[in-house]
Amino acid sequence: METRRPIVGLLCCNELVDRAVQTVATRFLLPLASVSRTSTLLVPAVADTADVQGFAALFDALLLTGSRSHVGPERYGAGPPCPDWPVDPERDEVALALAGRMIEMGKPVFGICRGMQEINVLFGGSLSSEVCRGRHHRGFLPAGEYDRLFQHRHDVELASNGRLATLTGERRLRVNSVHEQAVDRLGAGLSVDAVSADDGIIEAIRGDGCGAEVLGVQWHPEWDVATSTASQAFFKRIGEAARSTNGGN
């Protein structure tokens, strides 16, 4: 009998409404409860308040969420960001430090969209916006049309020996992909787990031999988890990995 649900840390972002606030989309929270069957604690993206050591000790798994912002290019040795790029330096600081500590402790780390990009940067990889230009299924629409972003879908091919192929039993998935940056140089110790079928852009990555389960996807499984068995498999795996960390409770 389950004595307590495993605890998954979920990264917030810094945004301005009429004041500075911590935000996370509810759609990331719901499948962690209903599919992963875990409890969730929100991690503030404020470096001075984030107790990385304490959080890592407490959490059974970590999910790095998608975001409206980009990973700061200085994190992977690139030049300054474009003036109109949304960046969140404190999110970068907390996400990279906490994910790194979780992995050091042998605890699983998962990433969605920006979260996958953070994993790549953590392992020494780089990102690029050039590879995404002109792709109709990527990018952002005018204000007021947010839901239409996730109607853009395309096929990805899963690595035959990869984590996602094992989890889903599939070799090809149709997914949504909403991003302006993508993996350029793959981080050391990572393997490609899926690529876009039409242009070869890296769509999923996994960690190999780092002592912890690490898996990131560029698309948004939280968006269609109610109807997609592949998205359900992703969140089920988060729950299984978290349970393994906390001794199966």
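The values are calculated or read from the model by the stated rules, or taken from the named source; none is laboratory data. Owing to the predicted nature of the structure, the values given are computational and were not obtained by experimental measurement. Cβ atoms come from the backbone with ideal geometry, glycine included; neighbour counts cover every protein chain shown. Each accessible area value is taken on the protein alone, full model and side chains, heavy atoms only, with ligands, DNA and RNA left out. Shrake-Rupley method; radii C 1.70, N 1.55, O 1.52, S 1.80 Å.
Computed values, structure above
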| quantity | calculated |
| --- | --- |
| Length gained when the stretch T23-E74 is fully extended (0.36 nm per residue, less Cα-Cα span) | 16.0 nm |
| Where only C-alpha atoms are counted, convex hull volume of the range 2-67 per residue in Å³ | 93 |
| Exposure rank, largest accessible area first [D224, D184, D48, D208; 1.4 Å] | D48, D184, D208, D224 |
| Å² of accessible area per residue within the range 24-72, as computed with a 1.4 Å probe and no ligands counted | 40 |
| In nm, spacing of pseudo-spin labels at L41 and F150 (7 Å Cα→C-beta vector) | 2.7 |
| The range 1-71 versus the range 78-118: alpha-carbon centroid distance in Å | 13 |
| Estimated [θ] at 222 nm from DSSP helical runs (n ≥ 4, -39500 (n - 2.57)) normalised by residues in the chain, nearest 500 | -7500 deg cm²/dmol |
| Accessible surface, per residue, of the range 143-228 when the full set of protein chains is kept, probe 1.4 Å, Å² | 43 |
| Entry for mean projected area of the Cα convex hull in nm² (calculated from the structure that is shown) out of [x] 11.5; [y] 13.3; [z] 22.4 | [y] |
| Percent carbon-and-sulfur accessible area, the chain, ignoring ligands, DNA and RNA, probe 1.4 Å | 51 |
